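**Q** One structure, pasted below without further comment.
Every number here is computed from the coordinates shown, using simple stated rules; none is lab data. Since we're looking at a predicted model, the values are computed, not measured. As a convention, Cβ positions derive from the backbone with ideal geometry for all residues, glycine included, and neighbour counts pool all protein chains shown.
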Amino acid sequence: MRASVRRPRLLAVASLAIAALALTACDKGEGVREEGAASQPAEPSQAPAPDKPATTPDGTPASKAPGQKGTGGTGTGKGGSRASAPAAPADPNAPENRVPCTADNTRITAAPVSRPLNHMLLTITNTGSKMCDLKGYPIVKFEGAQSVPPVMEATKPQAVTSLAPGKEGYAGVILSAGDGSGGEGRTAQSLEIGFQGSDKMAEAALQAKGVHIDDSLRVTYWVTTVEDALS
């Protein structure tokens, strides 16, 4: 009778001990999972968003805010400003860069020619540094002359003759009439040349024996070729 009474008591004590162990296991996070529940895959971690550039209160990127030096661009100087382009060379043909041909910026020679007869060629050279314009015709003044010879209007060019530095222009002078219609004439030993719009004369040396002139003395306009001056 006593043995049958003790067995139920032992079973009860054992059951309490098992229950206590089960509670202890649950408290340590070792509880039994429900069977049949599908394990959920872990969600992939998301990449952190890229940092946004700092901006000023008005929304302008801080790297371009006023007062700061730019880091980009190809310019030179502060703030990446571009270097100024070199100035274009001045146009020597522009009106503002031209000057009149005068006794101060030219050299003149005078030489008789064999053909046509009784003619002389004036050659003028631009000795200046700028383009110069030969206006009109040469004012020819021989030694002892009381007046200057008239111009032959048929020789007038369509445009003013202009000389670049170092270049030459020409004019022809008819010294005398071959048929004697110009009078007795005389020999001149010196010659001066004047320019339209200027009072200064330039000396043009003559050959040692001088040149014979008479009343038929005439000149051409300043032209660009020898052929035009002697035609």
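**Q** Exceeding 26 Å between C-alpha atoms, which entries from my cross-link table qualify? They are K130/K209; K167/K200; K130/K156. Could you put the intermediate results ahead of the total?
**A** Values: K130/K209 36 Å; K167/K200 21 Å; K130/K156 24 Å.
Exceeds cut-off: K130/K209.
**Q** Still on this structure, I have one more. Sort the following peptides by mean Cβ neighbour count (other Cβ atoms within 10 Å, averaged over residues), highest first: 198-211, 158-171. Working shown, then result.
**A** Details: 198-211: 13.6, 158-171: 16.2.
Going by the mean number of other Cβ atoms within 10 Å, highest first, we get 158-171, 198-211.
**Q** Give the whole-number value, in cubic angstrom per residue, of the convex hull volume spanned by the C-alpha atoms of the stretch 104-207.
**A** It is 121 Å³ per residue.
**Q** Let me ask something additional. Treating the beta-carbon of each Lys and Arg as +1 and of each Asp and Glu as -1, no other charges, what is the dipole magnitude of the stretch 96-230 about its Cα centre, to the nearest 20 debye?
**A** Charge dipole, the stretch 96-230, about its Cα centre: 280 debye, nearest 20.
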